[in-house]
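To start, the structure itself, in structure tokens.
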Amino acid sequence: MKYSESVKPISYFKAHASEIVRDVVDNNKTMIITQNGEAKVILQDVRSYEQLQESLALLKVLALSNKNLNEGNFKPAGKAFKDIRRKIDDRHSA
């Protein structure tokens with residue numbers, strides 16, 4: 001996507017709001033709205049925003065996992081599953 005084609009001043013947005021929203025949704029676009037020559041707002045369809053949030057959440061999980069791995073804060077999968085099974089068994093026997 002070329003951002004140069006997706007930058008519009010707020011006055012244009014005010015005059016063409018429904019057309020812009022339709023274009024953003026139908027064509028999966030992102031629009032940058034400027035005010036006084038400065039980029040101020042990003043207009044994006046909800047599905048794209050949700051996908052972006054999910055991607056960011058996944059990246060955070062990966063970063064935390066990598067940090068824990070580098071700090072030695074982990075245990076082998078076999079031990080982790082064994083500990084989980086033990087906790088389940090303890091709850092059922094109580």
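Here the condition is being surrounded by 12 or more Cβ atoms within 10 Å (Cβ to Cβ) and either on the phi < 0 side of the Ramachandran plot or modelled with pLDDT of 95 or more (or both); of 84, 42, 88, 20, it holds for 20 alone. For residue 33, the conditions (1) more than 16 Å from the chain's Cα centre (by Cα); (2) modelled with pLDDT under 95; (3) not in a helix (DSSP H, G or I) are fulfilled apart from (2).
Examine region 42-54 for a residue that is over 23 Å from the mean Cα position of the chain (by Cα) and not in a helix (DSSP H, G or I), and state whether such a residue exists.
No, because not a single residue in region 42-54 is over 23 Å from the mean Cα position of the chain (by Cα) and not in a helix (DSSP H, G or I).
Only one entry in 65, 55, 48 is on the phi < 0 side of the Ramachandran plot, surrounded by 10 or more Cβ atoms within 10 Å (Cβ to Cβ), in contact with a Lys or Arg (Cβ under 9 Å, 6 or more places away or on another chain) and small (Gly, Ala, Ser), namely 48.
The values are calculated or read from the model by the stated rules, or taken from the named source; none is laboratory data. If you're wondering where the values come from, they're calculated on a predicted model, not measured in any experiment. Cβ sites come from the backbone with ideal geometry, for glycine too, and all protein chains shown count toward neighbours.
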